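We did not get these values from a lab; they are worked out from the coordinates using the rules stated. In this text, all values refer to a predicted model and were calculated from it rather than measured experimentally. Virtual Cβ from ideal backbone geometry, glycine too; neighbours counted across all protein chains shown.
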Amino acid sequence: MSKVKSLADLRKMRDELQTKVSLREKSDNPEKLVQVKVSMATCGIASGAKEVMNHMIEEMDRQAIEAIVTQTGCMGYCHAEPTIEVTLPGNDPVVFGHVDNTKANEIIEKYIIRGELVDGIIPVNYETVKENKNE
Amino acid sequence: MKDLSMHIMDIVQNSVRAEAANVTLSILIDEQWLTISVKDDGTGMDQETLKKVSDPFYTSRTTRKVGMGIPLIMQNAELTDGSTTLESELGVGTTLTAKFGLHHIDRPPMGDIESTAAMMITGNDGVNLKFIVKKGADEFAISTNEVKEAMGDVDIRLPQVTSFLKQMIEENLKELKIEFD
């Protein structure tokens, strides 16, 4: 019977990841990594945000893309859920709406890897929302 | 919400939004009930707010006018002859416990709890999420702090870490023969 994974295996994986020089340098400065935030409030979850986040994690793991994937609250775009915000190093954040697994693949292939914009961008206007601390 | 893991993600997000530093998500299975409990040390609510949260047209947000998360899980628990309790104290934290009839025909399936838990553990900055599953004498538990400790200076928000955790949770639950559906 195969051994069940444990925290000890996670430590082994840490050692493997640490040997990747670029990743080690970037871990000290997370702004040098691609950042993906998935809107995960009731509206997003009911529209499939959880599946999209899971898919993006699997896909970026498979393609060994160095990125940080986190969750965020409702950005007020309930009509366009699931929404994701992608920040490429040195660029302003871009929010994509109506993201399903197919769209997520397109965002990874074109925007995250090649930096080419794809359809479905929501114009940024949530600065005021952030100021109100009401994400 | 088509499955329980979606409800769980939603309720945990309430804790994250309440600025909790520690959130404990426990899933208990006994002969008759499947009990989901989310306990946080966030801002908590006063008694007046606590009375209003079961109203789907009440929310503390200004970005929208509805607050469906808690009403939806309450309704779903009641549909399975279960119940929901919500305890909260301002400045102390909140605990939501939802009890579902394990074998009730209207109980939604658990869904992909392995990836849901993994994403909650690594994907919420500044929150230590403890995930516990108990069935009889068997128990599996893991927390954000344990993962951070194991990863040292490597960022736990990397997709590789979340994918690993998902497999780890899946294998451990399988080993303990814990099945939800």
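Averaging the sequence gap over all C-alpha pairs within less than 8 Å and six or more residues apart, then dividing by the number of residues, gives chain A a relative contact order of 23 percent.
So if I take the centroid of the Cα atoms in the range B:95-120 and the same for the range A:98-124, what is the distance between those two points in Å? About 31 Å separates the Cα centre of the range B:95-120 from the one of the range A:98-124.
Charge dipole of chain B (Cα centre as origin; +1 on each Lys and Arg Cβ, -1 on each Asp and Glu Cβ, all else neutral): 500 debye, rounded to the nearest 20. Extending 7 Å from the Cα toward the beta-carbon at both B:Glu48 and A:Glu106 defines two label points whose distance is 4.8 nm. Each part gets one Cα centre, and for the range A:31-82 versus the range B:1-36 those centres are 19 Å apart. Within the range B:83-181, list the trypsin sites (Lys or Arg not before Pro) lying in a DSSP loop whose Cβ has at most 14 other Cβ atoms in a 10 Å radius. Sites meeting the loop and neighbour criteria: B:Lys177. Taking every alpha-carbon pair under 8 Å whose residues sit at least 6 apart, the range B:1-78 reaches a relative contact order of 23 percent.
Spin-label model, A:Ala64/A:His98: points 7 Å from Cα along the beta carbon direction are separated by 3.6 nm. For the range B:1-75, GluC sites (Glu not before Pro) meeting the loop criterion (DSSP other than H, G, I, E, B) and having at most 11 other Cβ atoms within 10 Å: B:Glu31. Calculated FRET efficiency, B:Lys177 to A:Ala8, Cβ-Cβ distance, R0 = 22 Å: about 0.50 to the nearest 0.05. Along its first, second and third principal axes, ordered by size, the range B:4-175 spans 43, 37, 26 Å in Cα coordinates. Taking amide hydrogens as placed 1.01 Å from N in the peptide plane, the amide H of B:Phe100 sits under 5 Å from those of B:Leu34, B:Thr35, B:Ile36, each at least 5 positions away in sequence or on another chain. Checking the Cα-Cα distances for A:Lys50/B:Lys2; B:Lys39/B:Lys177; B:Lys134/B:Lys166 against a 20 Å cut-off, the pairs over it are B:Lys39/B:Lys177.
To the nearest 0.05, what FRET efficiency results for A:Asn29 and B:Val92 with a Förster distance of 41 Å applied to their C-beta separation? So the FRET efficiency works out to roughly 0.65. Calculated FRET efficiency, B:Phe57 to B:Gln32, Cβ-Cβ distance, R0 = 45 Å: about 0.85 to the nearest 0.05. A DSSP coil position with no more than 11 other Cβ atoms inside 10 Å describes the following chymotrypsin sites (Phe, Trp or Tyr not before Pro) in the range B:1-106: B:Phe57. Normalised by 2.2 N^0.38 Å, where N is the number of residues, the C-alpha radius of gyration of the range A:30-131 stands at 0.98. Judged by the ratio a/c of the largest to the smallest principal axis of the C-alpha gyration tensor, the protein assembly as shown counts as oblate, that ratio being 1.5 or greater while a/b is no larger than b/c. Taking θ as phi - 60° and the Karplus parameters 6.51, -1.76 and 1.60, the scalar couplings of the range B:167-181 work out to 5, 4, 5, 4, 5, 5, 5, 5, 4, 7, 6, 8, 10, 9, 10 Hz in sequence order, x denoting glycine and proline. Taking all Cα pairs closer than 8 Å and separated by 6 or more residues, the relative contact order of chain B comes to 24 percent. Once each of the trypsin sites (Lys or Arg not before Pro) sitting in a DSSP loop with at most 12 other beta-carbon atoms within 10 Å is removed, chain A keeps A:4-132 as its longest stretch. GNM remark for chain B: springs join alpha carbons under 10 Å apart, and the peak mean-square fluctuation among B:Thr49, B:Thr80, B:Thr94 falls on B:Thr49. In this simple spin-label model, placing a label point 7 Å from the Cα along the Cα-to-Cβ direction at both B:Leu79 and B:Asp153 gives a separation of 5.1 nm.
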